[in-house]
Structure formats: C-alpha cells, structure tokens
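J.: Could you have a look at this structure, given as structure tokens, before my questions?
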Amino acid sequence: MKIRGVVYNFGKQKLSTCPVKDDVTVFNRQVYYQKLGSQQDFDSKPNDWDDALPFEKIPGPKPLPIIGNTFRFLPYIGDFYGVDLKELQRRFYKQYGRIAILKDLKVAKNIVLLYSPEDIEKLHRNEGVWPHREVLNSFTYYRNILRKDIFQGIGGVATVQGEDWFNIRSKVNPILMQPRMAHQYIDKMDEVAEDLVKRMRQLANRNKNREMPPDFIKELNKWALEAAGLIALDRRLGCLDDLVPDSETQKLVDYVIEMFWLIYQFDVLPSLWKYISTPLWKRYITVLDYITLTFVKYIDETAKNIGDKLQNKAEYEMSILERLLKLDPRIAKATAIDTLTAGIDTTGKTTGAALYFLARNPKVQTKLREELCRVLPTKETPVTKEILAETPYLKAVIKETTRFCPIAIVNIRKTLKDLVLGGYQIPKGTIVHTANGVLSLEEEHFVKSKEFIPERWIRNGEKEISCKNTHPFVFLPFGYGPRACLGKRLANMEMEIVLARIIRNLFLEWPHADMKFTTTLVHGVGDPLKLRVTEVDK
C-alpha cells in the first residue's frame, strides 16, 4: 500500500521498539498468541461443577411468560423504568446478595451480575487470551454494514471479537500504551490546559458570583476534544474559542454527547431497532454520519500533510497518528475516530467529577495545591514528565474520583467456558456484568467508603484508611486484562495536566446542594457543574 510516496509493507513491519529478550518481534508474539488461542480448552467443566447449584436457581426478579423481564424497563408499567443503572445494581446487591440474574431480556437472553471480587477475579482469570466483551450492536452495524465503504473491514477494537480483535489490538497496543508515546504530548496538552484555565477566567468574569455557567460540562467536553485532537489528528481544533452553536467544532462536541445517549437507547435499553426504522434511529444515523465524515475529513487532511515526510522520519520521532498511518491507514482511521469520540464524554465527565469533589472538599483541594506549588513554583512553570512524576497526591485524587465516579460502572464479558461463580453453574456463553461501581462504595472494601479521601491511595500512608489490603478486583476503573481501556495512559495524563493547571491557578468552591450522578452509556455528573472560581494569588 502506498500513501503519498510512502510504501507500507505490513507483513514485515515491526510494531514495537521495546527491547525484548532473544530478539522476539511482535510478529513472533502474534504467532505465539494465535497458537495459544487456538489451543485453549473451552469444553472441559470445572472440578466443582457437579457440587454447584444449577443456573436456574440464581436469584433475581421473576420474568413473565413471553415478554420476560423487558416489561420492567417500560414506562408506566415497569418498576425499573427511569431508575439509574447504578442504583438498580445497588438494589440487586441489597436484595439478592453476591450474585443475581436478569432473565429474558431483549438486549440479552440472560445477564448475570457479580458482586464478589473473588468471583470477578475468577471470571477474568478464565477469559482466555481473546476475551469476549459484548459489542455495541447498533454501533457495530453502522460501521461494519452501513458504512463499510468508509471503514473497509476495520471497524475498530470495539466492534470485533476473537482473533479479529487480537489482530487489531496487538498492532495498536505498542503505539498507544507506551509511556514514551504519551510523554511526547505533554507540552501541547499543557498548552490546551492553560487555554481551559483562560476560558474559565472569561466565564467567571461574566457572572457576578464568578460561577461557571450551568452547561460548563460542555467546556470540559471541548477541552477533551481539543486534547484528543492532538493525539488523533496532530492538530489543534480551536474547541476552546467562543464557538457559535452551528460551528463545525461545536456540532462535533454536541453530536458526540448525543451519540452516547443514542447508543444507550439502542444497545442498553430494550429496543426494536433491528426490526423497525424509527425517527430516533434515523437521527442516530445522521449523528454518526456527521461525526464520522467530519473526522475522516480531518484525518485525510492530516495524512496528506504528513505523507511525504514519513519516508524520511525515524520511528522514534513519529507521532501516534504517523505510526498508525504507517502501520495501516484503515486501522489509523478507526483508531483515530475512536480516540476522538471516546475521549470527549469520558475524560470530560471524569474531570468534571474531580473538580466537583475538590470544590466540595476544600481540605483536599488545599493539600493538592500545596503539592502543586512545590513542583510548579510559579503559574507559568511548564508541566513536564519529571514534574508529573512528583505528584502522588494528584494521582491519588484522580483514583479517588474514579472510585466514586467510574465512567464504566460494569465490566462485561461473555463466558468462554463453563464456570462456577457464587456457588452456581454458569454455562459457557453467558453474559456477565461485574458490578465494580457498586463494590467501590461499600464499607466492606473501603474504610469510610462514602468519604472522599485520596490519602487511601498513597503508598505508605495512614494504615487506618489505606486500601492496600482491598481485593484488587474491586476497583477496575479501566477494565482488566487484554481488553482493558486502550486510552488509559493518555487519559490519566490529560487529567493530571489539566487538574494541575486549574488547581494551581484557581480556587474552587461548591455553594450548592450535593451533586447528583447519573448513568447512561457512561457514568458522571448529572447536575449543572456551577463551580465558583477565584484566582490564586501567586
């Protein structure tokens, strides 16, 4: 394949520059895992299978004939209608204990919910080298069927399973997960964070109480898109300017937020989209088309600008997008679009939650600012990787935020073999949700679990509140194993930089009632984020 004079030989291309023993290349590792995957034994039953209770005995709400439990989510007649998913999981835990089941749903035949970290660990330890995580069916249909002319068989890691998933993930992992690749963006991300601080000052000056506007979460979403654009497009998008409502950039932000809501309607709640084309479905396609075509335009412009330069550029000098383009333009396209869309609502909401908790807990905010003033003696001191390495309390604040407010309240797997979980037989092919979002707020696992205490994450900190002995499978904010979040390292770095800039420059206050958090496809702040901000003196 050739782009602007650069020849891409995918069969011979090494995918990692990390040193490995015995000159083992990524290609050899691929062959190894492919062979290992083909040799997995998914047919044998566990030794304790015959002693376990049958699957049919798992406790849960009783389904009705024909319609199952779907009616519970319908308006007027359903006792689950309008109930936040995290609250629903919490109710199940209180009513049924460490394992429960929702039977006979349109979105899945049965869904088992796990509330035991030991069972969650057992599930993940038996997921094989190619874990099966249920795809978003409507989203996959759009990329692989409706717009296959655009994605050309590579819809991204979120749309495939098994060896197809592994073939993509094994190529992008060495690019997106290397610390060195993330560190090359620190300077530019710091500039974006400074622009957000300037924007917050402007917004505060427009309000006599110096409060952020009710839709301030949109500003955080625009910051998140601007930061994602650096990684996925090698360019600034101008998201933090004063945008008019119908500008391309503002529409992108709004449409991505709407996309997450629409996916929730079609892939989480009961839906007949496979059988009936409704106005909401047509709106969904319109939204996805706008997002896809706009981002493809950006990617093509960037590829055109850098294409001639790649042939004379050393790999260690390349950006993430340049490496992906050199690897496979189809993978570059899908990965770039995923980076741009996934980063907006997820990183934006987590950052919003962190700002709320800091405003709500002034002692924590003061302690964080003291740490930041030590490493950033002036407001103009640039953020570097060395400085970020000296901010343990900042990292603890982010961890505590994701304990309270994880973007994903569950990890989802389909069992690839028969298992015994919670004392019950779980047949191969069962959909299982691990309710980590509920467990993370239980006193059983975290001392003073309802209090925002970043100190619990500090190594060698106070023993009374330390989470050192908490089961490691209670807290999985980015998932687990081979299918853990690809953007974890970049997302954490983005949040570290922006929180460092904001807290170093601004005092935050929260003169309102407690924030309500809501769950659709992602979990996050549900009320207007009307932070009150004042300037730090020096």
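J.: Placing +1 at every Lys and Arg Cβ and -1 at every Asp and Glu Cβ, with all other atoms neutral, what dipole size does the chain have around its Cα centre, in debye to the nearest 20?
T.: With only Lys, Arg, Asp and Glu charged at Cβ, the dipole is about 360 debye.
J.: Mind checking the log10 I(q)/I(0) for the stretch 222-333 at q = 0.11, 0.14 Å⁻¹? Debye, one equal scatterer per Cα, no solvent, two decimals.
T.: -0.48, -0.71
J.: How high is the FRET efficiency from Glu390 to Lys297, r the C-beta distance, R0 56 Å, rounded to 0.05? Let's see the in-between values first.
T.: Working: r = 41 Å, r/R0 = 0.73.
The computed FRET efficiency comes out at 0.85.
J.: Whole-Hz ³J(HN,Hα) for each residue in the stretch 473-489, computed from phi via Karplus 6.51 cos²θ - 1.76 cosθ + 1.60 with θ = phi - 60°, x for glycine and proline: what do you get?
T.: 9, 6, 10, 9, x, 10, x, 8, x, x, 9, 5, 4, 5, x, 3, 5
J.: What do you get for Rg/Rh over the stretch 63-129 if you use C-alpha atoms and the Kirkwood form of Rh?
T.: Dividing the radius of gyration by the Kirkwood radius yields 1.04.
J.: Calculate the FRET efficiency for Lys414 and Asn469 from the Cβ-Cβ distance with a Förster distance of 35 Å, rounded to the nearest 0.05.
T.: The pair Lys414/Asn469 has a calculated efficiency of 0.65.
J.: Work out the FRET efficiency for Glu163 and Arg201 from their Cβ-Cβ distance, taking R0 = 60 Å, and round it to the nearest 0.05. Before the final figure, lay out each step's value.
T.: Details: r = 51 Å, r/R0 = 0.86.
It comes out at approximately 0.70.
J.: Can you tell me the length gained on complete extension of the stretch Asn173 to Ser44, counting 0.36 nm per residue apart and subtracting the Cα distance? All intermediate terms of the calculation are to be shown ahead of the outcome.
T.: Values: separation 129, 0.36 × 129 = 46.44 nm, distance 3.14 nm.
Contour length minus Cα-Cα distance gives 43.3 nm.
J.: For the chain, what does the helix formula give at 222 nm: sum of -39500 (n - 2.57) over DSSP H segments with n ≥ 4, over the residue count, nearest 500 deg cm²/dmol?
T.: Result for the chain: -14500 deg cm²/dmol, rounded to the nearest 500.
J.: Now for a different question. Using a 7 Å offset from the Cα along the Cα-to-Cβ direction at both Thr534 and Ile285, what is the distance between the two label points in nm, to one decimal?
T.: 5.5 nm
J.: What is the distance, in nm, between label points placed 7 Å from the Cα along the Cα-to-Cβ direction at Asp514 and at Phe71?
T.: Result for the modelled spin labels: 3.5 nm.
J.: How many angstrom lie between the Cα centre of the stretch 383-437 and the Cα centre of the stretch 233-311?
T.: Cα centroid of the stretch 383-437 versus Cα centroid of the stretch 233-311: 27 Å apart.
J.: For the stretch 27-535, what does the relative contact order come out to in percent, with C-alpha contacts under 8 Å and a separation of six or more?
T.: Value for the stretch 27-535: 24 percent.
J.: Further question on the same structure: Taking amide hydrogens as modeled 1.01 Å from N in the peptide plane, which residues meet the under 5 Å criterion relative to Asp527, leaving out close sequence neighbours?
T.: Lys516
J.: In whole Å, what are the Cα extents of the stretch 349-508 along the three principal axes, biggest one first?
T.: Principal axes ranked by extent give 60, 33, 26 Å for the Cα atoms.
J.: Kirkwood hydrodynamic radius, computed over distinct alpha-carbon pairs, for the stretch 106-206: how many Å, to one decimal?
T.: Answer for the stretch 106-206: a Kirkwood hydrodynamic radius of 18.0 Å.
J.: Now a separate question. Which of these values of Kirkwood radius over Cα pairs in Å was calculated from the structure shown: (1) 24.8; (2) 23.6; (3) 27.4?
T.: This structure yields the entry labelled (1).
J.: Among Ile263, Tyr284, Asn436, whose Cα projects farthest towards the positive end of the dipole of the chain, with charges put on the beta-carbon of Lys, Arg (+1) and Asp, Glu (-1)?
T.: Of the options given, the answer is Tyr284.
J.: Give the residue list of chymotrypsin sites (Phe, Trp or Tyr not before Pro) in the stretch 275-358 that are DSSP loop and have at most 13 other beta-carbon atoms within 10 angstrom.
T.: In loop regions of the stretch 275-358 (DSSP not H, G, I, E or B), the sparsely surrounded chymotrypsin sites (Phe, Trp or Tyr not before Pro) are Tyr275.
J.: For Asn411, enumerate residues with amide H under 5 Å from its amide H, sequence gap 5+ or separate chain, H modeled in the peptide plane.
T.: Thr434, Asn436
J.: Describe numerically, in nm with one decimal, the distance between label points set 7 Å from Cα along Cα→Cβ at Glu451 and at Lys488.
T.: Each label point is offset 7 Å from its Cα along the Cβ direction, giving 2.9 nm.
J.: Which whole-Hz couplings ³J(HN,Hα) result when phi for each residue of the stretch 184-196 is put into the Karplus expression 6.51 cos²θ - 1.76 cosθ + 1.60, θ = phi - 60°, listed in order with x for Gly and Pro?
T.: For the stretch 184-196, the Karplus-derived couplings read 5, 9, 4, 4, 5, 5, 5, 4, 5, 4, 4, 5, 5 Hz, x marking Gly and Pro.
J.: What order do you get for 259-268, 63-72, 188-197 when each peptide is scored by the mean count of other beta carbon atoms within 10 Å, highest first?
T.: 188-197, 259-268, 63-72
Quick note: the coordinates plus some simple rules give every number you see, no bench work behind them. Small disclaimer: the values here were computed from a predicted structure and weren't measured. Positions of Cβ are generated from backbone atoms using ideal geometry, with glycine treated the same way; all protein chains shown enter the neighbour counts.
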